[in-house]
Amino acid sequence: RKEVEQDPGPFNVPEGATVAFNCTYSNSASQSFFWYRQDCRKEPKLLMSVYSSGNEDGRFTAQLNRASQYISLLIRDSKLSDSATYLCVVNGAGGSYIPTFGRGTSLIVHP
Amino acid sequence: ETGVTQTPRHLVMGMTNKKSLKCEQHLGHNAMYWYKQSAKKPLELMFVYNFKEQTENNSVPSRFSPECPNSSHLFLHLHTLQPEDSALYLCATSGRSSGDNEQFFGPGTRLTVL
């Protein structure tokens, strides 16, 4: 089993839709979790950290389920500008504090 | 602007060339990272430096040689690369190389090995 797994997609949704991505991790001792966004041919940028209690930032909601070892990202009211690849990052997945990236989930929002 | 710059942005080199990639950060961070991103693959961590000391070498071939002369600069020296080394090379920094720190990435160097 890979340390961090994501469905690569693409998720193809219309503007205004709600879309959710999951990311599973294998190491139950993982310490911290993040979602990054990467636009085509650009560097990854932090979208949001994921806290145990769940957190929300505008249209974006991130949740952590330690029992089932996954994190999720929910995007409400999708915009065209949300089209990107969303990377799940887990720290401590390999038994160390080195971050492990998932391969990313591609989102395409169309008019 | 993320405060992390990389040069050059694009590089084409032959297999016998020697070149260096440079990363510079203006964030006052203590940890610096080199990643490789190939098409359709997740980011692959190559090296980690913490307070200028290399703390992680993720089984990277010796044709890649990192150097961290100070906490603001990180280099990746390239020598006798292979075509499969063509990729986007990303530098990142974080406050410290512990688990709860977000990373800030530079724009990357897109490398093509002929």
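If I take the Cα coordinates of chain A and project them onto the principal axes, what are the three extents in Å, biggest first?
Its Cα atoms span 43, 30, 22 Å along the three principal axes.
Pull up the cross-link candidates among the aspartates and glutamates for B:Lys36, meaning alpha carbon to alpha carbon under 19 Å and not fewer than 8 places away within one chain.
Those aspartates and glutamates meeting the cut-off are A:Glu3, A:Glu5, A:Asp39, A:Glu43, B:Glu24, B:Glu44, B:Glu56, B:Glu67, B:Glu84, B:Asp85, B:Glu102.
Treat each spin label as a single point 7 Å out from the Cα along the C-beta direction, and report the A:His110 to A:Lys42 distance in nm.
2.3
Amide H to amide H, which residues 5 or more places from B:Thr80 or on other chains are under 5 Å from it, using H placed in the peptide plane?
For B:Thr80, the qualifying residues are B:Asn17.
Taking each residue in A:29-35, count the Cβ atoms of any other chain within 10 Å of its Cβ, then average. What number comes out? Intermediate results must be reported in sequence, preceding the final value.
Values: counts 0, 1, 3, 5, 2, 4, 0.
The per-residue average across the peptide is 2.
Give the distance, in whole Å, between the Cα centre of segment B:1-29 and the Cα centre of segment B:53-105.
The distance from the Cα centre of segment B:1-29 to that of segment B:53-105 comes to 10 Å.
Using a 10 Å cut-off around each Cβ of peptide B:102-111, what is the average number of partner chain Cβ atoms that fall inside?
4
Please average, across the residues of A:99-109, the number of beta carbons from any other chain that are within 10 Å of each residue's own beta carbon, and give a whole number.
Counting other chains' Cβ atoms within 10 Å and averaging over A:99-109 gives 3.
Whole Å is fine, so just give me how far the alpha carbon centre of segment A:55-93 lies from that of segment A:15-54.
Segment A:55-93 and segment A:15-54 have Cα centres separated by 4 Å.
Would you kindly enumerate the cysteines in chain B that have no other Cys beta-carbon under 4.7 Å from their beta-carbon?
B:Cys68 - these cysteines have no disulfide-compatible partner (Cβ-Cβ under 4.7 Å) in chain B.
Under 18 Å from a label point 7 Å along Cα→Cβ of B:Glu67: give me every residue in segment B:7-25 with its amide N that close.
Answer for segment B:7-25: B:7-8, B:17-25.
Placing unit charges on C-beta atoms (Lys and Arg positive, Asp and Glu negative, everything else neutral), compute the dipole magnitude of chain A about its Cα centre in debye, rounded to 20.
It comes to approximately 180 debye.
Coordinate-derived values only; no laboratory data. Please read all numbers here as calculations on a predicted model, not as lab measurements. Here Cβ is always computed from backbone atoms with ideal geometry, including for glycine, and neighbour counts include all displayed protein chains.
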